[in-house]
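What follows is calculated from the coordinates using simple rules that are stated; it is not laboratory data. Note that the structure is a prediction, hence the values are computed from the model and not measured. So basically every Cβ, Gly included, is an ideal-geometry build from the backbone, and we count neighbours across all protein chains shown.
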Amino acid sequence: MSNGGTDLDFEEYAQARVVRLRQRAYLLCRDWHLAQDLTQITLSRLYASWRKVVKADNIDAYAAKVMVRVFLDHKRLKSSHEVVSDTMQTQTERVDGSGGPELRLTLMEALGHLSPRARAIVVLRYWEDHSVDTVAELLGVTPSLVKTQSMRALAELRALLGTDLATLVG
Amino acid sequence: MGDRFRSMIESEFAEVEPPPIGDLVDNAIRDGQRLRRTRLVQRGVACAAAVGVLALGLGMATAGLGPDGAPDGPARYAAGGSGSEPARPAETSGGEPSSSRAANPVPADAPTMAIFEPEPSPRGTGSKAPPSTPATVLMALQTVLPDGPTVAFAGSRFSNYTGVQVYLDRGAGYGMIRVALGRYSTPPTCDSSPAGVTVDCRGGRGAWMVETFEIEGNCVQRRGVTVYRTDGLAVQINVGSCLVDGGWPAPPGVDSVDQQVISVEEAIDIGTSNIWNERSLEGLSPSAEQAYPSLPMLTTFNGVGS
């Protein structure tokens with residue numbers, strides 16, 4: 001991909017990244033329609049500044065920064081509509097190796113129980129594999145805050161997933 | 001840790017079937033183009049304001065502004081006569097005026113579809129103070145309207161919403177568009193429509209609910225769309241089939257009366273645009289107040305007011 005500054009270059013970049021961007025958005029918001037919107041907003045902002053964006057060292061990191069900030073802004077505005085719960089409301093029925101139904105929480109569902117910023121940190125750190133410093137820069141917070149929130153988020157995931165955490169942490 | 005985390009998430013993604021991506025990239029490009037246009041407008045307005053301040057300082061710029069405060073108004077009206085004289089509506093070949101234009105073309109008992117009724121709200125949505133001034137809503141609207149000259153800017157401000165009016169010409173004559181913006185407190189339902197109003201509701205497009213309506217007996221609100229956004233803002237786009245005489249210069253050319261200047265789908269596009277969020281509106285506000293410092297104010301707007 002040339003990543004020049006033309007509309008064609010943008011379209012090529014967007015088509016190549018749109019699935020991955022939407023997956024990240026879904027991990028952040030846990031709603032496919034909102035994920036679609038977050039992805040669209042991110043791409044539209046990238047498009048509007050494309051000539052500047054292509055000069056950046058890492059376009060993907062820039063896109064991540066835009067998306068996470070749009071997501072956190074959205075959550076701030078929507079905070080009055082959102083109900084925070086410390087109990088499991090739903091569990092996913094899956095089939096285990098023996099063929100019997102097994103009720104358990106998926107990792108994605110567990111992510112949904114983290115605070116928006118903690119979720120963003122976990123997604124950027126462990127799904128995107130960014131360093132602590134990069135995550136701190138993307139979120140506009142200090143590296144120590146990223147470390148602290150990562151630890152807390154993992155502890156919360158551990159509590160939510162129970163025995164499944166053994167699989168998660170290996 | 002990261003590898004295990006990723007592989008678990010990958011396997012969970014493999015088990016779900018996400019909705020199709022569809023035109024997401026095309027829509028993003030379209031929104032990005034609008035965003036670029038907005039930025040250009042902001043830059044243009046800032047430049048015009050700077051030039052205006054300079055000209056005022058030299059004592060030379062008092063004669064150029066139209067009564068609606070629109071920066072390009074006087075030049076447009078000049079095509080129909082002198083800059084200070086409102087142009088008359090054109091006549092058809094039979095000599096009859098092509099428009100239905102009156103001071104108030106809507107009968108007092110005509111059905112209406114107010115975005116928020118005066119309290120208590122029969123539509124059950126409740127309401128709060130509007131987030132923006134008429135000037136800001138007008139500037140935001142200008143960034144998402146289809147191409148074409150616009151005239152007859154006006155605004156209105158009530159306790160629970162802000163309204164603006166604009167006439168747009170896409171080549172077939174001017175048509176009236178009125179937009180109202182407010183905040184809603186509780187999610188709306190689609191089970192109550194006023195008498196004489198045909199309502200249809202749908203979801204999607206990033207909105208809590210998209211409500212389309214038709215009112216045969218109300219040419220100001222002949223068709224319309226109310227978008228209840230997920231961020232708590234509600235945007236109503238009203239597409240008229242008549243023009244209203246007011247304190248603004250009459251537009252030149254042929255008025256559009258039998259066909260609406262934008263379709264319902266285009267009105268939905270406008271209502272679901274990302275320009276209608278508080279951050280974007282805040283960003284537009286300073287330049288909007290400079291661009292439209294003295295909008296004529298309507299005392300009644302889509303059935304609200306007196």
**Q.** Built amide H within the under 5 Å cut-off of A:Leu114, gap 5+
**A.** none
**Q.** Part-to-part distance (alpha-carbon centres) for region A:135-160 and region A:8-32, which is given in Å
**A.** 23 Å
Q: Provide Rg and Dmax in Å for region B:133-183, with only Cα atoms included in the calculation.
A: 11.1, 36
Q: Please report B:Met176, B:Met113, A:Met151, A:Met108 as a ranked list, fewest other C-beta atoms within 10 angstrom at the top and most at the bottom.
A: A:Met151, A:Met108, B:Met113, B:Met176
Q: Provide the per-residue ³J(HN,Hα) series for region B:19-36, in order, calculated from phi with Karplus coefficients 6.51, -1.76, 1.60 and θ = phi - 60°, each as a whole number of Hz, with x at glycine and proline positions.
A: x, x, 6, x, 8, 4, 5, 4, 5, 5, 5, 4, 5, x, 5, 5, 4, 4
Q. How large is ³J(HN,Hα) for each residue in region B:148-160, as worked out from phi by the Karplus curve 6.51 cos²θ - 1.76 cosθ + 1.60 (θ = phi - 60°), to whole Hz, x for Gly and Pro?
A. x, x, 10, 9, 6, 6, 8, x, 7, 9, 10, 5, 10
Q) How far is the Cα center of region B:147-186 from the Cα center of region B:224-244, in Å? A) 9 Å
